[in-house]
Every structure is written in structure tokens, then in C-alpha cells.
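The block underneath contains the structure these notes are about, expressed in C-alpha cells.
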Amino acid sequence: MCVEDRISNFSDHILCHILSFLPIKEAVRTSIISTKWRNLFASISIIEFDGDLLRRLTDRNIDSFKNFVDRLLKFPDQVSLDCFRLHDGISSWNDGISSWNDGDHDFDVSGWICAALCRGVKEIDLKLYNLGDVPPDVPPVLFTCHSLVNLTLVALGFKIEVPSDVCLGNLKTFYLESVFVCDSINRLISNCHVLEDLAFMYCSVANASELNIQSPSLKELTLYFDPPDIDQYSVVINAPNLVYFRYGGDIVRVYPLGNMKSLEKAQIYIWFGSETNAAHLYQGICNIRSLTLQISKEIFPTSRLPIFHNLIELEFDGDICFVEFLHCMPNLKKLILKYLELRGNSMKALRIKIPSCLSFHLKEIEIEIPRIDTLMIEMVSYFLDNALVLERLIISMDYLTSIEKRKARNQLLQLLKSSKKCLIMIL
């Protein structure tokens with residue numbers, strides 16, 4: 001029986017698009033299907049070289065692989081590239097690293113990047129964990145490429161020097177991790193005129209103590225810090241249209257230029273630093289509507305909390321009394337509590353004064369209970385007694401044994417509630 005080859009009837013453009021979703025090795029294998037398929041792989045728009053491919057190379061085929069890459073990237077009259085990815089590999093069985101820059105095979109990493117840029121690539125994704133004694137040069141043209149829309153650069157310990165004529169006019173997403181940057185990074189950020197999403201992860205600013213983020217187009221910002229001398233760092237943020245902000249690691253001095261009035265959601269995870277630095281950060285985000293907070297009691301600014309008038313949703317994870325936050329959130333409607341470490345003084349704070357949000361606005365509470373004890377039952381009872389407009393109380397007991405869950409369920413269902421509309425769900 002003759003089977004019709006319908007796929008081969010597609011246009012070359014559609015076939016190349018399909019091949020772009022295959023690993024490069026599999027895409028090349030399609031060249032043996034027929035004459036029509038012989039050179040299609042050379043026109044794919046997504047090129048990815050990962051650690052798995054690197055580990056499969058041997059001394060016998062390394063030269064032919066280099067020739068193949070030259071043909072794939074540098075052949076004239078090629079179509080424009082949507083994406084170029086180059087990832088080192090980490091072996092799961094011995095934690096070893098397979099690196100494109102191991103110094104043994106002399107891969108032209110910088111040349112590959114240049115070739116992708118010459119083809120008008122829209123996305124470059126580099127994850128290089130072993131830079132060796134002589135790191136590959138990041139070609140200056142990388143920072144003046146007008147076709148780039150997304151740029152990811154993860155390069156452990158690598159130093160970036162930004163040229164004076166930097167301009168990434170169409171860059172919308174910029175992700176930096178584990179690199180050393182000079183003060184020229186501030187010029188780079190300010191010259192990305194349509195940048196919408198910036199992530200600065202565990203990077204160090206060499207020869208400068210300030211990271212200055214000036215971007216009127218920025219909508220999402222992620223900052224994670226783990227510097228050795230956090231008191232010597234500061235971050236200045238001037239992003240009037242920022243909508244989403246994520247901060248993690250050690251707290252440094254953060255100075256928003258005016259309250260970020262467009263900010264709707266923030267996720268804050270901080271464990272070390274000064275109370276003063278934490279207070280600056282809270283002041284800058286006081287207009288948000290949704291907040292996820294994980295904080296250590298050592299840097300909780302009890303006396304300098306702003307009022308979060310617009311906040312309607314709080315997810316809290318920490319070892320301090322969350323009630324002190326509730327007093328600063330008068331319009332809160334939803335409260336999520338995770339991994340609480342309650343102590344006797346926590347319950348004393350509950351009895352001093354009832355937060356106004358409990359009396360007038362709080363409608364939904366979710367609690368993850370790591371264990372059942374008197375303090376936990378007392379906390380739930382407090383909410384049921386004082387949350388007058390509560391509509392739903394969800395209690396998750398994933399970490400309890402079956403016997404503990406049964407005991408806790410019996411105790412919780414006996415508690416009285418002030419809101420007749422409240423539905424108690426025990427999971």
C-alpha cells in the first residue's frame with residue numbers, strides 16, 4: 001500500500017518552522033528523507049547547542065561539527081534567526097560541567113554570536129558556567145544590535161564591558177545572572193528604550209557602588225542580591241510604569257525615586273541586611289495591590305512600616321508576627337499564611353488591638369498548617385471570632401499525618417465563627 005507523504009507537500013517555510021522545534025541533531029537527520037529535505041535544516045530559525053550535544057562530540061567528529069556550525073550560521077543568504085541558544089551542560093551523575101569554552105576544542109563562541117547577530121537574531125540565550133582561563137569575548141556588536149528583542153546572559157564570574165555607543169533599541173527582555181558588570185551597565189539599561197522586563201540575578205557591580213535603573217518603559221523588575229558587603233551597595237529605581245517587582249536575597253539600600261504608583265504586585269524575599277534598608281524598600285512599594293512577603297524577624301522594621309492603602313492581597317511566610325503587618329493594611333481582602341512559626345508573644349499581639357481589615361474587608365483566608373498545637377488553634381479561633389465579613393477559610397494540612405489531620409479537623413470544626421457566611425474548608 002502506498003502511503004501519501006503529506007508533510008513533504010508543505011511549503012519550505014512551514015517545514016523550516018517545524019524543524020526549528022527539533023533538537024539540532026534531529027533536524028539534520030531529516031536531510032536524508034528526500035532531495036526536497038536535503039538543505040532545509042540550514043534554514044531553521046531556532047538554533048540551539050546544549051550540553052547534551054556537547055557531551056556527544058568526540059575527537060573524531062569535532063572538526064566536522066565546527067564546519068557544520070560555520071555552514072549553519074555563516075552561510076550567505078540565510079533566513080533571519082528567531083533564536084540562538086548556547087548552553088553549557090551539568091552532568092547529573094557527577095556534577096561535572098561540559099563547557100563550550102573548556103579550552104580544549106577551541107570553539108569560536110564569539111564568532112558564533114556575531115554570526116547570529118548578522119542574521120538579525122531576535123533572541124540570544126547564553127548560559128556558560130565554565131569560562132576557563134580566557135573567557136570568550138562578548139562582541140561589542142551584541143550591545144548595539146537593533147534586532148534583539150530578548151537577551152539572556154548567564155556567565156559565572158564573567159565581566160561585561162559595555163561600549164560607549166550602546167543602544168539596544170528593540171530589546172524588551174533582559175536577563176543577567178552571575179556576571180560582573182561595571183558602572184556602564186547603568187548606561188546600557190537607560191539606552192534600552194523599550195525595555196519591559198529586567199532581571200538582575202546575583203550579579204556584582206565592579207568599580208561602582210550603585211545600580212541605577214532608569215527606564216520609563218520597564219514593567220517587570222527582578223533583583224536578587226548576595227554581595228559580600230551589602231551595606232556598600234545601593235539601588236536607585238526610576239521606573240514610573242513598573243507593574244511587577246520581585247526582590248530576593250540580602251537587602252541592600254533601595255531608593256525608588258518617588259513611590260512607584262503603577263506598581264500592582266511585589267514579591268519580597270529577604271533574610272539578611274539592615275532594618276533601615278528594609279524600611280526604604282517598603283516605603284517605595286506602598287502603593288501595591290498584591291504582596292508576597294518572606295522576611296526574617298532580624299530585619300523587620302516594626303516602627304517604620306508605611307500604610308498600604310491599596311493592598312488587597314497578602315501572602316506571608318516568616319517567623320515574625322504577621323498581625324503587625326495587618327494593622328498597616330486597612331483594606332486587605334485576602335490573606336495567605338504559610339509555614340508560620342507562632343510563639344506565645346505572637347498571640348499576645350493578636351489581643352492588643354484588632355486590625356481594621358478584619359472587621360470590615362477581609363473575606364478570604366488560606367492557612368498552611370505545618371503542625372497542630374494550641375497556638376495554631378488559638379490563631380484560627382482568633383480569625384473566626386474577629387473576621388466579621390469572612391466568606392472562606394481554607395486550611396491546608398499537607399504536612400500532617402492522617403491521625404493528626406483527623407484530630408485537627410475535629411478541633412477546628414468545633415470553633416465558633418462570627419461571620420455566618422463563612423465556609424470552612426479543611427484540606
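Details
- Protein-only accessible surface at a 1.4 angstrom probe places the residues K363, K407, K66 in the order K407, K363, K66, largest first.
- Residues of the stretch 351-427: accessible area per residue with a 1.4 Å probe, Å²: 59
- D197 versus F360: modelled label distance in nm, points set 7 Å from Cα along the beta carbon direction: 3.8
- Pairs from the list K122/K261; K353/K420; K127/K219 with a Cα-Cα gap above 30 Å: K122/K261.
- Extension gain for the segment K407 to D108, taken as residue separation times 0.36 nm less the Cα-Cα distance, is 101.1 nm to one decimal.
- Residue separation of I424 and S217 scaled by 0.36 nm, minus their Cα-Cα distance, works out to 70.2 nm of gained length.
The values are calculated or read from the model by the stated rules, or taken from the named source; none is laboratory data. The model shown is predicted, which means the values in this text are computed figures rather than measured ones. Positions of Cβ are backbone-derived with ideal geometry, glycine not excepted, and every protein chain shown enters the neighbour counts. Only protein heavy atoms, including side chains, enter the accessible area calculation; ligands, DNA and RNA are left aside. Shrake-Rupley method; radii C 1.70, N 1.55, O 1.52, S 1.80 Å.
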